[in-house]
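No value in this document is a laboratory result; all are computed from the given coordinates. Because the structure is a prediction, the values reported are computed rather than measured. FYI the Cβ positions are ideal-geometry reconstructions off the backbone, even for glycines, and counts take in every protein chain you see.
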There are 2 protein chains.
Amino acid sequence: MLSEFDLIARYFTRPLRPGSAATLGVGDDCALLAPAAGMQLAISTDMLVEGRHFFAGADPALLGHKCLAVNLSDLAAMGARPLAFTLALALPAADEAWLAPFAQGMFALADLHGCELVGGDTTRGPLTVSITVFGEVPKEQALRRSNARVGDDIWVSGTLGEARLALAALAGELALDAASLAAAAPCLHAPAPRVALGLALRGVASAAIDISDGLAGDLGHILKQSGVGAVVDIDGLPAGPTLALQPPALQRAYCIAGGDDYELCFTAAPERRADVLAAARASATPVSRIGVIEAAPGLRLVDAAGRPCQLPMTSFDHFASP
Amino acid sequence: MLSEFDLIARYFTRPLRPGSAATLGVGDDCALLAPAAGMQLAISTDMLVEGRHFFAGADPALLGHKCLAVNLSDLAAMGARPLAFTLALALPAADEAWLAPFAQGMFALADLHGCELVGGDTTRGPLTVSITVFGEVPKEQALRRSNARVGDDIWVSGTLGEARLALAALAGELALDAASLAAAAPCLHAPAPRVALGLALRGVASAAIDISDGLAGDLGHILKQSGVGAVVDIDGLPAGPTLALQPPALQRAYCIAGGDDYELCFTAAPERRADVLAAARASATPVSRIGVIEAAPGLRLVDAAGRPCQLPMTSFDHFASP
């Protein structure tokens with residue numbers, strides 16, 4: 001049986017890259033990290049629990065990817081460049097057949113974004129992955145939730161609802177043919193954090209958030225913290241390609257309150273439309289304009305004809321009754 | 001039932017202090033934090049799991065204290081001043097009778113050290129507390145594990161083995177009268193991280209670590225990373241006051257391989273003895289000189305008469321077979 005220290009040495013210890021923001025990584029009481037001059041650190045934490053955020057028996061390589069991806073998505077929503085992360089991992093057993101692909105999936109995404117593992121903790125326990133991620137962003141350029149202004153356009157990146165569709169099929173909530181499930185599942189299991197778009201939106205977007213609990217709920221955080229409201233064209237939302245083949249009511253529901261999208265929802269002044277589209281092109285990320293910020297509080301949905309539209313828009317709540 | 005967002009708002013959201021190193025705390029995609037000029041961030045993560053690191057039904061106020069204390073202890077061992085922390089919390093239910101004292105115990109210790117909660121994540125799941133803590137330390141002054149030199153003295157702060165004695169009594173491994181258990185239990189449940197000593201040892205100690213898994217194992221990390229060995233007088237170890245009333249063999253065993261001590265073990269050149277004692281006085285922290293760094297690898301224990309001494313010195317390993 002692999003010991004705790006062997007486990008860390010074998011799977012989670014790699015030399016720091018030359019030019020790293022970290023001057024000390026895994027293996028001491030603390031890691032040491034300094035942002036570059038004029039930069040501040042953006043810090044976010046997400047914890048994923050087996051049976052809650054992912055199915056028991058989930059593919060470890062995809063899980064390693066996703067646990068880091070959801071954290072990188074928070075950096076993206078802040079316009080921060082990834083630097084480093086720590087990993088706290090509770091495992092039922094030191095199973096190398098699980099650890100090797102988990103580490104591989106996690107490091108493949110980390111390397112793609114130049115994000116180094118600098119510390120962590122491993123323990124025995126119910127499978128739980130808690131990552132804290134560090135990025136850097138120039139002072140005063142972070143994309144906060146609180147800065148949306150009346151008249152701003154509302155945008156989303158990529159497409160919505162595809163992860164929720166895959167989850168529904170896997171949980172037996174609806175029937176989906178194998179080819180459709182195979183097409184939708186990567187959105188659920190291996191989301192691509194919109195880091196490049198977040199960086200390109202510095203100085204362009206007025207506010208941003210990543211969509212993890214559903215568009216309505218997450219846009220709601222921007223509205224509340226900015227003290228504004230919004231109108232959104234529900235039929236203009238970019239449904240994912242598999243979801244777009246489903247009945248219109250399901251498309252609407254999963255676009256507005258799906259969850260696990262890991263797209264960016266952001267606002268920008270209308271005179272910045274060309275800059276938003278340039279940022280999208282520069283980061284090779286599609287964006288859609290979905291609504292407008294208004295003074296009256298609350299989120300109002302309208303259909304293609306501009307008629308008000310009622311939809312359940314409950315955001316995902318981990319402590320809600322099932 | 002409290003929602004996830006109400007829970008965060010009610011128990012884990014407080015305004016940032018004026019002059020805080022953080023410019024943005026709980027409530028956005030990321031917190032924003034910058035160390036002062038010339039400083040680097042020291043970062044550490046510890047995850048505590050119910051049934052593994054603490055008993056089911058543990059007092060929530062003490063648990064809140066301890067989860068932060070073990071992280072602050074890592075900052076202390078680096079000579080870093082606490083700035084901020086993030087909290088990822090998996091809970092079986094949003095139970096306010098548990099949350100209120102947990103938050104109270106955690107914030108009481110946080111306030112004592114000027115350490116602010118700047119972000120986190122809450123989810124439903126088996127009770128698990130994962131904290132990442134941030135401190136600052138001047139560049140080149142961090143107390144690493146790798147810098148012990150042949151001839152250095154070896155020191156420990158406070159006393160050893162008291163937490164292990166309390167754990168043994170609570171786990172039914174040995175009988176302890178109620179008064180003795182009451183005296184020893186605070187060392188297990190509410191350790192005081194040696195932050196002030198760690199700060200005072202900047203520029204004085206050559207290497208440092210905090211003792212969480214037992215003296216032999218943790219000193220062993222210093223020896224291995226510094227490429228040296230050590231001789232330690234096992235009868236000169238500072239047994240805790242309750243442990244000191246137990247049989248000598250138990251005293252030795254729990255001092256050398258107890259665990260949960262959260263004292264500092266550090267090395268310093270012999271010509272710095274007066275400086276070490278001054279640091280101890282300045283931080284109101286007792287210290288004991290327990291041995292000497294030698295060139296030959298490995299840890300050698302000797303008794304009061306200088307005779308070699310064999311003791312099981314296995315460090316705690318979360319993945320060892322029970």
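Legend: mean number of C-beta atoms from other chains within 10 angstrom of residue C-beta atoms, peptide A:33-40, equals 4. Computed from backbone phi with θ = phi - 60° and the Karplus coefficients 6.51, -1.76 and 1.60, the 3J(HN,Hα) list for region A:213-224 is 9, x, 4, 4, x, 6, 4, x, 5, 4, 4, 5 Hz; x is used for glycine and proline.
Ranking A:ALA284, A:CYS309, A:THR13 by how far each Cα lies toward the positive end of the dipole of the protein assembly as shown (charges on Cβ) leaves A:ALA284 at the top.
Here's how it looks for B:GLU136: its modeled amide H is under 5 Å from those of B:ALA42, B:ARG81, B:LEU83, which are all 5 or more places away or on a different chain. Here the residues B:LYS66, A:LYS224, B:LYS139, ranked from fewest to most Cβ neighbours within 10 Å of their Cβ, fall in the order B:LYS139, A:LYS224, B:LYS66. Karplus-based coupling profile of region B:267-273, in residue order and whole Hz: 10, 7, 4, x, 6, 9, 4, with θ = phi - 60° in 6.51 cos²θ - 1.76 cosθ + 1.60 and x standing for Gly or Pro. Out of all DSSP beta bridges with both ends in the protein assembly as shown, state the antiparallel percent to the nearest 5. Antiparallel: roughly 75 percent of the beta bridges in the protein assembly as shown.
Estimated from the Cβ-Cβ distance and a Förster radius of 30 angstrom, the FRET efficiency linking A:ASP111 and A:ALA249 is about 0.10. Specify the inter-centroid distance of region B:44-106 and region A:230-277, based on alpha-carbon positions, in whole Å. Each part reduced to its Cα centre gives a spacing of 39 Å. Here region A:153-307 carries DSSP beta bridges of which approximately 75% are antiparallel, counting only pairs with both residues inside. Antiparallel beta bridges, as assigned by DSSP with both residues in region B:226-319, represent about 55 percent of the total such bridges. Each Lys and Arg adds +1 at its Cβ and each Asp and Glu adds -1 at its Cβ; summed about the Cα centre, the protein assembly as shown shows a dipole of about 1200 debye.
Label-point distances for B:ALA249 to the equivalent site in the other copies, using a point 7 angstrom along Cα→C-beta, read 7.6 nm when ranked shortest first.
Between copies, the label points of A:ALA305, set 7 Å from Cα on the Cα→Cβ line, lie 10.2 nm apart, reported in increasing order to one decimal in nanometres. If R0 is 22 Å, the Cβ-Cβ spacing of B:THR23 and A:ARG149 corresponds to a FRET efficiency of close to 0.60.
The distance between label points at B:ALA9 and A:ALA190 comes to 4.0 nm (points 7 Å beyond Cα on the Cα→Cβ vector). For A:LYS66, a cut-off of 24 angstrom between C-alpha atoms picks up no lysines at all, skipping any fewer than 8 places away in its own chain. Evaluating 6.51 cos²θ - 1.76 cosθ + 1.60 at θ = phi - 60° for every residue in region A:160-175, the Karplus couplings come out as 10, x, 5, 5, 5, 5, 4, 4, 4, 5, 5, 8, x, 6, 8, 8 Hz, glycine and proline recorded as x. Residues of region B:139-162 with an amide N closer than 18 Å to a point placed 7 Å from the Cα of A:ALA37 along the Cα-to-Cβ direction: B:139-140. Inter-copy label distances at B:ALA284, using a point 7 Å along Cα-to-Cβ, come to 6.0 nm with the shortest given first.
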